[in-house]
Every structure is written in structure tokens, then in C-alpha cells.
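K.L.:
This is the structure I have questions about; it appears just below.
The values are calculated or read from the model by the stated rules, or taken from the named source; none is laboratory data. Remember, predicted model here, so these are calculated numbers, not experimental data. With ideal geometry, Cβ positions are generated from the backbone for all residues, glycine too; neighbour counts draw on all protein chains shown.
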């Protein structure tokens, strides 16, 4: 006999590990190579002390001369709040009762819900990796005569997403559903709200609450992890804009610049699909682009032994050159079910014959040495 209690048990004992593994290792090629850790989590914040520069207590001298003065290591403390990441499934009471005497049917029901949860969570977590932490999805242009709403980009948009409309950083409408996306013309349809030209779309209730993604790490913002970029130049990655036609030399120059100026070693390259096509057409030696197998089942091509992968959320015309050893996803815990005081996972929605279960993770992405990373933008895509 299937009950909410047995469903709770199955969600805890079977689905949790499978979903956690799927979201951490197979959801996104970049995420799969980033280390996950519970270190340096203090209360609701991540506080990471990072070493800056080199130890000054080194020098040459005469046989009987004065020894070098101890310089000690220089440290800076990065501080950022843990971000609250959620994923929710919903099962009607009718569906539970209809499959109460058929365990196979109930398993199929849970499988379908969990697959949907993994797909949705993977989509949003992958999107956040390349975001700037604000949750912004697109800026809109409205043509009232043609009755069209056009986004500057539909890369981060999908049917079914629940979004908020903002006008000049003020929410003008919350909880609209994207019902259609015309990717060829970058036009969208919303279930509600009255957008205006210049309005921005944000993920529902997520304004300024997402993890610190590459969009923020590689931005020109005044601060990063509560530190001033002006006072700490090492917070600024190597960046080249308006690259145009992609060449092997441009990529190698960025790799060399990072190694020479920051002592970093690029070990992972991620770019848009159009940039990868440009890379294929640029490289003359096919051995240079030999295929590679990465952890999590992802496939990549090789540039000088460095894996090159594409990501649907990487901005157009952009190539990130990263040292993944400088990144970590700090988390209070891995994915867990949100439980009630009695340990229950499935909870009835007040006033509705529906049960919900929520996955939660409190985490923040940190890059300890931004100067050891590089980005090329404005690449002409193929």
C-alpha cells in the first residue's frame, strides 16, 4: 500500500543520492569539475582567507651578511553570503490514491516528477554559473502596435519559467509565466503583466539572490566578495574584448598572459557553440582538436591538451579560459530534502489536494584568484 509515509521513505533513501549525483556531476560540464566543499562556511556566510602575492622573506646576500627580513604571507578575506537554492516537485492527492495499490505506477509517477526536477534544476543551476548573481534573464523591447515583446537575448529563457518584471530596479509585476519563446525572432509571450520597453525579466523572487557566477567574476563591478577591485588589482581577470576572427594566437596569448602575470595554469576552456565552430575552422592541425572524455560523461575537444567544452548559457562570442583549481562551490550541505519537524518530506499545500517536496542547497561559488583566469569576448562566431 503506497502512502505519503512510504513515499517519504523512497524520496529519502533512493532518490536523494541519485538526484544529488545528477545535479553535481552530470548537470553541467563546468560544474562537474568544480570542487565542492563545506570548509570556510561560517553561519550564513562563506569567509575564505586567500593568500595574495608572494612571501617577501626571500633574498640573496653575502656569506656573512644580514639574512632576509621575514616578510610573511599577505592575506585577504573574501566574504559572501550562502545562496538559497531550491527545487520543488508537486504530486496531487488523486495521483497518490490512484497508484496506492500499484507500486509500479507510483514509481513511474515519482520517476517522472524527479526527472522533471533534475532537468529544471540543471537548467537553472547551469544558467546561474554564467550569471552575475542578480537573476536577470533579459531586457525587453515592446512594440505595442505589433503586439510583440522582444528580448535582447533568449538564451536564458524557456517556456514554463516563472518570472518577475522589473522597471528601473523596482518590481512591477511578479509571477508571470513565459508561455512561448520564438527563438528565431527573440520574441516571448507572458501569461500576465504589462511589460514596457527597458523592463527586465528576473527569475521569480530571485532578484540579487543567485550565486556569484562568471558574469560577476569577469565583470567590471566595483567589488567582488566584499573586496574592492580598485584596491586589489588581483581581483581583475585578464580580458580582451572585440576579438573578431578567432585565432590560435589569440587563445595562446591569453593563456601565456595568465601564466606569466599570475602564475596560473589554464586547465579548462568553455565557450559558446558558435565560438567552438569558429575554433574548428581556425585550427589547421586536426590533432589539436582531438576529442576528450570528461567526468560526468561530457565530451570535449582539446586545445593544446586543454579541454574545450560548449555551454548553452555561455554568452555569444565569448570564451572563458579557467583554472578550475581556483574555484570551489562552498556549501552548508549537499542537496537535502526540506523536512518538517516530524521528518516528513511531502507536505500538503494549504487549501489544496496537492503535496509538495522541496530540495534545498545553501551554497556559493568562489574564485580565489580571479587574476588567474581569462576571457575573450567579441569573437566572430561561425
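K.L.:
In the list 302, 281, which residue meets the criterion of being touching a strand residue (DSSP E or B) at 6+ places or on another chain (Cβ under 6 Å), at pLDDT below 95, surrounded by fewer than 21 Cβ atoms within 10 Å (Cβ to Cβ) and not in a loop (DSSP other than H, G, I, E, B)?
P.N.:
302
K.L.:
Something else about it: State whether one or more residues within the stretch 179-202 are out of contact with any helix residue (DSSP H, G or I) (no Cβ under 9 Å at 6 or more places or on another chain), under 18 Å from residue 87 (Cα atoms) and at pLDDT 95 or above. Steps first, please.
P.N.:
Going through the stretch 179-202, the residues out of contact with any helix residue (DSSP H, G or I) (no Cβ under 9 Å at 6 or more places or on another chain) turn out to be 179-202.
Within this subset, residues satisfying the condition of being under 18 Å from residue 87 (Cα atoms) are 202.
Add one more test, that the residue is at pLDDT 95 or above, and what stays is 202.
Yes, the conditions are met somewhere in the stretch 179-202.
K.L.:
Checking residue 357 against (1) in contact with a helix residue (DSSP H, G or I) (Cβ under 7 Å, 6 or more places away or on another chain); (2) surrounded by fewer than 20 Cβ atoms within 10 Å (Cβ to Cβ); (3) over 28 Å from residue 272 (Cα atoms), only one condition comes out false. Which one?
P.N.:
Tallying (1) in contact with a helix residue (DSSP H, G or I) (Cβ under 7 Å, 6 or more places away or on another chain); (2) surrounded by fewer than 20 Cβ atoms within 10 Å (Cβ to Cβ); (3) over 28 Å from residue 272 (Cα atoms), residue 357 fails exactly one: (2).
K.L.:
Still on this structure, I have one more. Wholly within the stretch 1-119, which strands (runs of 3 or more DSSP E) include no fewer than the required count, namely at least 2 residues that are within 27 Å of residue 266 (Cβ to Cβ)? If you could, list the steps in order and put the result at the bottom.
P.N.:
On the way: elements: 35-37, 45-52, 74-81, 83-92.
Correct list: 35-37, 45-52, 74-81.
K.L.:
Output the qualifying pairs, or none if there are none: Cβ atoms under 7 angstrom, residues six or more apart or on different chains, first residue in the stretch 102-123 and closer than 24 Å to residue 155 by Cα, second residue at pLDDT 85 or above and surrounded by fewer than 18 Cβ atoms within 10 Å (Cβ to Cβ).
P.N.:
Hits for this filter: 123/158.
K.L.:
Hey, could you check the stretch 203-229 for residues that are in contact with a helix residue (DSSP H, G or I) (Cβ under 7 Å, 6 or more places away or on another chain) and in a loop (DSSP other than H, G, I, E, B) and say which is nearest to residue 168 (Cα to Cα)?
P.N.:
If we take residues in the stretch 203-229 being in contact with a helix residue (DSSP H, G or I) (Cβ under 7 Å, 6 or more places away or on another chain) and in a loop (DSSP other than H, G, I, E, B), then 210 is nearest to residue 168 (Cα to Cα).
K.L.:
Tally time: how many residues in the stretch 237-254 are surrounded by fewer than 22 Cβ atoms within 10 Å (Cβ to Cβ) and closer than 22 Å to residue 35 by Cα?
P.N.:
The number of residues fulfilling the criteria is 0.
K.L.:
Follow-up question, since we're still on this one. Determine, yes or no, whether residue 2 is surrounded by 12 or more Cβ atoms within 10 Å (Cβ to Cβ) and at pLDDT below 80. Walk me through how you get there before you give the answer.
P.N.:
Working: surrounded by 12 or more Cβ atoms within 10 Å (Cβ to Cβ): yes; at pLDDT below 80: yes.
So residue 2 passes the test.
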